[in-house]
1. Relative contact order for the stretch 3-213 using alpha-carbon pairs under 8 Å, separation at least 6, rounded to a whole percent?
2. Among the DSSP beta bridges whose two residues both lie in the chain, what percent are antiparallel, rounded to the nearest 5?
3. Mind putting a number on the dipole of the chain about its Cα centre? Charges go on the C-beta only, +1 for Lys and Arg and -1 for Asp and Glu, and I need it in Debye to the nearest 20.
4. Just to be sure I understand: of the beta bridges DSSP finds with both ends in the stretch 1-118, what percent are antiparallel, rounded to 5?
5. If R0 is 25 Å, what FRET efficiency do you get for N178 and E21 from their C-beta distance, rounded to 0.05?
6. Can you show me the helix-derived [θ] at 222 nm for the chain, built from DSSP H runs with n ≥ 4 at -39,500 (n - 2.57) apiece and divided by the number of residues, rounded to the nearest 500.
7. Putting +1 on Lys and Arg Cβ atoms and -1 on Asp and Glu Cβ atoms, find which of N15, I85, S26 reaches farthest to the positive end of the dipole of the chain.
8. With r as the distance between the Cβ atoms of S76 and M122 and R0 = 30 Å, compute the FRET efficiency 1/(1 + (r/R0)^6) and round to 0.05.
Amino acid sequence: MIQISPSLLSANFLNLERDIEMLNESEADMLHLDVMDGVFVPNISFGFPVIKSISTLSQKPLDVHLMIVDPGRYVSQVRDSGAAIMNVHYEACTHLHRVVQQIKGAGMKAAVTLNPATPVCMLEDIAADLDMILLMSVNPGFGGQKFIPNTLKKTRQLKELIERTGSHATIEIDGGVNLETGAELVSAGADILVAGNFVFSAESPKDVISQLKKLG
Ligand code: DX5
Ligand code: ZN
């Protein structure tokens with residue numbers, strides 16, 4: 001059963017309450033929140049006060065994707081802002097093992113994200129400790145970009161690595177997801193699809209979420 005995590009980055013920030021209520025009524029499984037620091041990625045989005053406000057209204061778990069340098073500095077702030085899943089980039093953590101244990105110690109699910117050029121084998125020795133692994137299918141920083149097809153190969157490789165290492169991690173894919181790329185990702189082994197632009201640019205985001213749910 002495929003899970004859908006709509007990315008709020010493409011929501012209408014003047015009407016966030018309306019969009020979150022729409023997601024509460026939709027078949028979305030969680031909400032994907034993209035935090036950007038202007039250093040790790042060439043863009044700045046929103047931070048903890050906004051996430052905390054969203055958490056008071058959302059009935060779905062918050063899947064927080066931190067595109068920031070040294071995210072281990074913010075574990076307790078992420079937890080206090082209401083996150084269920086804390087997603088950190090492999091490329092942003094010098095001591096990834098420590099950060100993963102801190103996230104779990106704070107009571108959140110631990111997820112690690114890989115940029116498009118980072119091979120899945122880099123997670124060989126941490127996969128068994130993870131609840132989720134996120135593969136970027138675009139270079140992080142912006143919504144509405146084109147899906148990088150090499151992600152399909154990486155998804156299959158990651159599925160094999162997860163099975164081999166006895167990990168229970170789910171596979172999430174982020175960037176350029178639509179009905180076509182989504183269908184290919186489901187056959188490659190994806191468990192969770194993030195979708196921003198495809199959902200929020202639609203006339204009926206709820207219908208698009210339910211079409212994505214039908215992919216798997
Ligand atoms: C990109 C973000 C994504 C983004 C996905 O840096 O991590 O979550 O919102 O957007 P779409 O689905 O529009 O590619
Ligand atoms: Zn994201």
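1. On the way: 428 pairs, mean separation 44.3, N = 211.
Rounded, it is 21 percent for the stretch 3-213.
2. On the way: 1 of 33 bridges.
Antiparallel: roughly 5 percent of the beta bridges in the chain.
3. Values: 17 positive and 25 negative charges, 48 e Å.
So the dipole magnitude of the chain works out to roughly 220 debye.
4. Of the beta bridges lying entirely in the stretch 1-118, close to 5 percent run antiparallel.
5. Details: r = 24 Å, r/R0 = 0.97.
Efficiency at R0 = 25 Å is approximately 0.55.
6. Details: 8 runs with 75 residues, N = 216.
Computed mean residue ellipticity for the chain: -10000 deg cm²/dmol.
7. So the residue furthest toward the plus end is I85.
8. On the way: r = 27 Å, r/R0 = 0.89.
With R0 = 30 Å, the Cβ-Cβ based efficiency is 0.65.
Read-outs throughout are calculated quantities, based only on the coordinates presented, and are distinct from any laboratory measurement. The model shown is predicted, which means the values in this text are computed figures rather than measured ones. With ideal geometry, Cβ positions are generated from the backbone for all residues, glycine too; neighbour counts draw on all protein chains shown.
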